[in-house]
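Values in this text are rule-based calculations from the coordinates and carry no lab data. No experiment lies behind these values; they were computed from the predicted model shown. Here Cβ is always computed from backbone atoms with ideal geometry, including for glycine, and neighbour counts include all displayed protein chains.
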Amino acid sequence: MSRIGKKPVAIPSGVTATIDNGELSVKGPKGTLSLPLADLVTYSVDDGGVSIQPANDTKAARSHWGMQRTLVQNLVTGVTEGFTKVLEINGVGYRANAQGKNLKLQLGFSHDVDIAVPEGIEVKTPDNTTVEISGIDKQKVGQLAAEIRRWRKPEPYKGKGIKYRGEYIFRKEGKKK
């Protein structure tokens, strides 16, 4: 029994959910998101929310149950509040600058790193060492943050690199004389 899957996804006021052509669409104040329906679970939109149940009693259906409920919850949260990831850059001369639909990073390479920002995602740089990524699609926000972080992962000796806000970097002791 999935503890997560048993609870229906509450739909707040101002948000509508509809099932049409094998797709669940959620429309809210920030935009519209859709999710293709899985065959192993059944969806029902009630006045209180969206309920997800396994289609049969197989292990595969039960394993999809909680995940599909979480994906529906992410749609509802995205169209009401949105998602944000904050990256912090540590290192001498390491900087970030948002220029329209591009993000320019200076990370100690011989060249600047230009990253194109996908549609529906907003990138802000409040200062040179902070990058805020926000949007309504949790997967796109997390993917862009991971791609930016991949350019310079934080290293364990001095902590230089790009890390998520609140991420703990295990520090190692350096060489001794």
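What is the calculated FRET efficiency for SER13 to GLN139, with r their C-beta to C-beta distance and R₀ = 25 Å, to the nearest 0.05? After rounding, the FRET efficiency stands at 0.45. First check a/c for the chain, with a ≥ b ≥ c the square roots of the eigenvalues of its C-alpha gyration tensor; if it is under 1.5, answer rounded, and if not, answer prolate when a/b is larger than b/c or oblate otherwise. Judged from the Cα gyration tensor, the chain comes out prolate (a/c at least 1.5, a/b above b/c). In the chain, the DSSP-assigned H stretches of four residues or longer account for a calculated mean residue ellipticity at 222 nm of -7000 deg cm²/dmol, using -39500 (n - 2.57) per stretch and the full residue count as denominator. Quick note on the range 3-80: its Rg to Rh ratio, both from C-alpha atoms and Rh being the Kirkwood radius, is 0.96. Comparing Cα centroids, the range 50-88 and the range 123-177 end up 26 angstrom apart. Projecting the Cα atoms of VAL41, PHE83, SER51 onto the dipole axis of the chain, where Lys and Arg carry +1 and Asp and Glu carry -1 at the beta carbon, places PHE83 farthest toward the positive end. Residues of the range 138-171 falling in the label zone of ASN90, defined by backbone nitrogen less than 18 Å from a point 7 Å along Cα to beta-carbon, are 149-171.
Let me make sure I get this right: for the range 72-147, a, b and c are the square roots of the gyration tensor eigenvalues over alpha carbons, sorted descending. Under 1.5 in a/c it's rounded, otherwise prolate if a/b > b/c, else oblate. Which is it? Taking the square roots of the gyration eigenvalues as a ≥ b ≥ c, the range 72-147 is prolate. You can think of it this way: the chain between ASN128 and ASN56 has 20.6 nm of extra reach, that is 0.36 nm per residue less the Cα-Cα gap. Counting Lys and Arg as +1 and Asp and Glu as -1 over every other residue whose Cβ lies under 10 Å from the Cβ of TYR157, the net charge comes to +3. Each other residue within a Cβ distance under 14 Å of GLU119 adds +1 if Lys or Arg and -1 if Asp or Glu, for a net charge of 0.
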